[in-house]
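One structure is given below, represented as structure tokens, and several questions about it will come after.
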Amino acid sequence: MRKKRDKNMAASIESSKCSESNLRKRRGENLTSAKQTVDSTESENDISKYDKKEKITLQTGTYWLTRIVLLRSIAFIYFVAFGVAYNQNKQLIGERGLMPCKEYLRSVKRYVGGKIGMAALAYTPSILWFMDWEDMDANLDAIALVGLALSGFVLLSGRANMIIMAVLWILYHSIVSVGQLWYSFGWESQLLETGFLGIFLCPFWSLAQMPRHCPPSHISIWTFRWLIVRIMLGAGMIKIRGDSCWLDLTCMDYHYETQPVPSPISYYLHHSPWWFHRFETLSNHFIELVVPFFTFMGRRMCMVNGTLQILFQVALIISGNLSFLNWLTIVPSLACFDDLALASLFWPSGGPWQTLMKLQKEKAEGTSSPATKGMFIRRVVNVALGILIAYLSVPVVINLLSPRQVMNTSFDPLRIVNTYGAFGSITKERTEVVFQGTLSANHTDEGVVWEEYEFLCKPGAVDRRPCLITPYHYRLDWLMWFAAFQTYEHNEWVIQIAGRLLANDSTVLSLMAHNPFQSREKPRWVRGEHFRYKFTKPGRATAAQGKWWVRKRIGPYFPPVNLEGLRSYFRSRNWHQPDSY
């Protein structure tokens with residue numbers, strides 16, 4: 001019995017040792033596991049700290065990424081502008097255009113003494129002087145296509161050099177200079193100024209997105225900021241000096257209905273409550289007259305200015321078809337943001353981001369590449385640019401401060417620094433010119449049927465939905481808006497259009513949406529009727545019938561005309577006979 005007890009005790013002790021050993025083992029494993037967990041946590045913390053360090057190294061005050069965004073934005077506007085030129089220049093200023101640029105160049109040549117020299121170039125800066133005038137349509141198409149190709153490359157790649165940007169500027173300047181009435185809008189000069197500033201963002205030759213030896217110049221960035229300041233102050237000052245409705249806060253009661261080319265959104269905004277229109281007008285004054293000064297109040301306030309200006313332009317884009325004006329005005333606003341602010345637009349694993357990190361790290365460690373002779377020359381060029389812009393800004397600032405302020409004017413032939421402004425006066429009612437034609441031999445007969453032509457975008461048929469085309473631009477539609485509150489004597493090109501319609505001229509008809517005489521006889525008579533247009537009111541019977549507009553006839557804009565009656569009129573103005581094309 002005793003032996004048995006001893007054996008059991010021994011077994012129990014052995015079991016206890018075993019359990020203790022296992023317990024120690026488990027404790028050891030738990031300790032190891034805990035240690036691994038701690039190590040893992042510390043490792044994660046280290047990685048997190050490392051990531052934070054990487055983020056922290058992205059410093060403020062550099063503009064490498066800003067340059068890429070600016071170049072792509074400028075290229076986008078150029079692409080749209082050259083696209084408009086390619087589609088419409090032949091009809092407007094081509095061989096068979098309403099105002100042929102060949103005839104315009106000849107008149108300039110005669111005016112400057114019959115020679116193509118510096119005087120001619122100063123009066124009309126255009127490479128068309130040096131091209132073969134035998135086929136002006138081909139010249140205009142070539143300029144537009146080259147512009148489309150170069151701007152498309154910059155837009156897609158984000159790469160450019162001074163040569164490419166200078167060529168784009170020269171090409172568009174060449175079109176604007178001979179565009180006459182069709183290129184008389186303020187945004188043409190604004191694009192030329194913006195494009196000129198874009199030349200100095202780039203290296204001279206390199207196409208690298210992040211050229212190490214050509215950092216973006218702060219002077220260049222400030223020229224863009226100065227541009228947005230002038231644009232907004234010019235627009236704000238012309239308003240408070242112009243129409244009294246900007247001071248009594250009622251302008252927005254009319255704007256959406258009477259603007260040049262309303263959009264579908266304009267219809268609904270027009271019917272907003274009165275208090276909303278007052279708020280819009282006050283907001284407009286704040287953004288145009290107060291916010292621009294934020295540019296000079298440090299980095300954060302400058303970014304507030306850029307943000308508000310961009311949001312303001314987006315609101316304008318939504319509310320109407322103002323060509324590429326508002327898209328273009330966004331461009332200089334982007335210069336209010338540095339690399340840190342725009343970093344979210346780029347992939348962290350992408351080339352520009354990684355290169356920027358390296359450049360900033362090298363600068364922080366003092367291992368940046370030493371300045372080269374080329375970098376020194378570039379600094380001199382940047383200083384020269386700043387001096388040039390400052391000098392050319394003197395008459396612009398004087399104009400801005402003058403009670404006789406003029407808007408959308410240039411004081412130099414190259415349109416490098418210009419004055420700007422928009423909607424200094426607001427029309428309180430909308431009038432439209434509607435072209436009508438008839439097949440009747442005698443327009444005074446009873447029962448004469450007049451059929452209407454439709455333009456591509458401007459209001460015509462009352463049940464036609466307003467178009468949405470921004471940033472594209474139908475130049476003829478815009479000019480018809482101006483013509484409607486003037487007379488045809490002030491806009492003789494309107495009569496030329498009437499003559500072309502009598503001849504069923506395909507050139508002019510390509511600028512229209514509907515020709516009632518397509519595949520039929522030519523109209524015998526064409527006339528212009530003057531109408532007053534108003535938006536229908538939602539919920540009313542006219543709106544329920546699908547009508548966007550109601551209109552009331554004011555009277556004739558120009559009387560019925562036929563081909564025979566117009567021949568002497570065309571001859572007196574040295575126009576080709578409408579049926580000679």
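The values are calculated or read from the model by the stated rules, or taken from the named source; none is laboratory data. Keep in mind that what you see is a predicted model, and the values were worked out from it rather than measured. Cβ atoms come from the backbone with ideal geometry, glycine included; neighbour counts cover every protein chain shown. Protein only, heavy atoms only, side chains kept; ligands, DNA and RNA dropped before computing areas. Shrake-Rupley method; radii C 1.70, N 1.55, O 1.52, S 1.80 Å.
Of everything in the stretch 496-508 that's open to solvent by less than 10 Å² (accessible area, probe 1.4 Å) and assigned to a helix (DSSP H, G or I), which residue is farthest from Ile426 (Cα to Cα)?
Leu502
Just to be sure before I move on: is Leu92 in a loop (DSSP other than H, G, I, E, B), buried (at least 20 other Cβ atoms within 10 Å of the Cβ), at negative phi and at pLDDT 95 or above in the structure I sent?
No.
Of all helices (runs of 4 or more DSSP H) completely enclosed by the stretch 302-379, which ones contain at least 3 residues that are at pLDDT below 95, surrounded by fewer than 17 Cβ atoms within 10 Å (Cβ to Cβ) and not polar (S, T, N, Q)?
Ranges flagged: 351-365.
Within the set of pairs 6 or more residues apart or between chains, which connect a residue that is under 16 Å from Phe79 (Cβ atoms) inside the stretch 317-341 to a residue that is not in a helix (DSSP H, G or I) with Cβ atoms less than 6 Å apart?
Cβ pairs passing all conditions: Ser323/His473; Phe324/Pro471; Trp327/Pro471.
Among the residues of the stretch 291-298, is there at least one that is in contact with a Phe, Trp or Tyr (Cβ under 7 Å, 6 or more places away or on another chain), under 18 Å from Phe224 (Cα atoms) and at pLDDT 95 or above?
Checking the stretch 291-298: not a single residue is in contact with a Phe, Trp or Tyr (Cβ under 7 Å, 6 or more places away or on another chain), under 18 Å from Phe224 (Cα atoms) and at pLDDT 95 or above.
Would you point out which residue out of Glu446, Glu432, Glu489 is among the charged types (D, E, K, R), more than 23 Å from Tyr86 (Cβ to Cβ) and part of a strand (DSSP E or B)? Give the steps one after another, and end with the answer.
Values: Glu446 fails: part of a strand (DSSP E or B); Glu489 fails: part of a strand (DSSP E or B).
Of Glu446, Glu432, Glu489, the one residue that is among the charged types (D, E, K, R), more than 23 Å from Tyr86 (Cβ to Cβ) and part of a strand (DSSP E or B) is Glu432.
In the stretch 512-537, how many are surrounded by fewer than 19 Cβ atoms within 10 Å (Cβ to Cβ) and aliphatic (A, V, I, L, M)?
Result for the stretch 512-537: 2.
State yes or no: is Ile387 open to solvent by 50 Å² or more (accessible area, probe 1.4 Å), under 30 Å from Asp248 (Cα atoms), modelled with pLDDT of 90 or more and not in a loop (DSSP other than H, G, I, E, B)?
Criteria not met by Ile387.
If I go through the stretch 135-151 residue by residue, how many of them are open to solvent by 10 Å² or more (accessible area, probe 1.4 Å) and either more than 14 Å from Lys90 (Cα to Cα) or outside any helix (DSSP H, G or I) (or both)?
The first filter runs over the stretch 135-151 and keeps only residues open to solvent by 10 Å² or more (accessible area, probe 1.4 Å), leaving 135, 137-139, 141-142, 145-146, 148-150.
With either more than 14 Å from Lys90 (Cα to Cα) or outside any helix (DSSP H, G or I) (or both) added as a condition, the list becomes 146, 148-150.
Qualifying residue count, the stretch 135-151: 4.
Further, regarding this structure: Checking Tyr557 against (1) part of a strand (DSSP E or B); (2) within 27 Å of Lys90 (Cβ to Cβ); (3) over 39 Å from the mean Cα position of the chain (by Cα), which single condition isn't satisfied?
For Tyr557, the failing item is (3).
Same structure again: Do we find that Gly565 is within 24 Å of Leu439 (Cβ to Cβ) and exposed (fewer than 12 other Cβ atoms within 10 Å of the Cβ) in this structure?
Numbers: within 24 Å of Leu439 (Cβ to Cβ): yes; exposed (fewer than 12 other Cβ atoms within 10 Å of the Cβ): no.
Considered against the rule, which asks whether it is within 24 Å of Leu439 (Cβ to Cβ) and exposed (fewer than 12 other Cβ atoms within 10 Å of the Cβ), Gly565 comes out as no.
Could you grab me the full set of residues in the stretch 109-134 that are crowded, with 19+ Cβ neighbours inside 10 Å and more than 29 Å from the chain's Cα centre (by Cα)?
Passing the criteria: only Ala120.
Here's something else I'd like to know. How many of the residues in the stretch 114-133 are of a type outside the set (A, V, I, L, M) and assigned to a helix (DSSP H, G or I)?
Within the stretch 114-133, residues that are of a type outside the set (A, V, I, L, M) and assigned to a helix (DSSP H, G or I) number 4.
Residues are listed down the side, and each one gets a yes or a no for (1) closer than 23 Å to Leu502 by Cβ; (2) in contact (Cβ under 8 Å) with a residue 60 or more places away in the chain; (3) among the basic types (Lys, Arg); (4) surrounded by 19 or more Cβ atoms within 10 Å (Cβ to Cβ):
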position: Arg404; (1), (2), (3), (4): no, no, yes, no
position: Ala422; (1), (2), (3), (4): no, yes, no, yes
position: Lys428; (1), (2), (3), (4): no, yes, yes, no
position: Val433; (1), (2), (3), (4): yes, yes, no, yes
position: Ala441; (1), (2), (3), (4): yes, yes, no, no
position: Glu452; (1), (2), (3), (4): yes, yes, no, no
position: Val462; (1), (2), (3), (4): no, yes, no, no
position: Asp477; (1), (2), (3), (4): yes, yes, no, yes
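Starting from the stretch 72-94, keep only residues that are closer than 28 Å to Pro352 by Cα and of a type in the set (D, E, K, R), then list their pairs with residues that are surrounded by 24 or more Cβ atoms within 10 Å (Cβ to Cβ) and modelled with pLDDT of 95 or more whose Cβ atoms are within a distance under 6 Å, requiring at least 6 positions of separation or different chains.
Sorted first by the residue in the stretch 72-94, then by its partner, the list stays empty.
Of everything in the stretch 471-502, what is of a type outside the set (Phe, Trp, Tyr) and farther than 25 Å from Gly555 by Cα? Give them in sequence order.
Passing the criteria: Pro471, His473, Arg475.
Residues checked against (1) over 30 Å from Tyr254 (Cβ atoms); (2) under 32 Å from the mean Cα position of the chain (by Cα); (3) touching a residue at least 60 places away in the same chain (Cβ under 8 Å):
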position	(1), (2), (3)
His490	no, yes, no
Gln518	yes, no, no
Glu521	yes, no, yes
Phe535	no, yes, yes
Trp549	no, yes, yes
Lys552	no, no, no
Leu566	yes, no, yes
Ser572	yes, no, no
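Take the residues of the stretch 410-420 that are in contact (Cβ under 8 Å) with a residue 40 or more places away in the chain and not hydrophobic (A, V, I, L, M, F, W, C): which is most open to solvent (accessible area, probe 1.4 Å)?
Top of the filtered list is Pro413.
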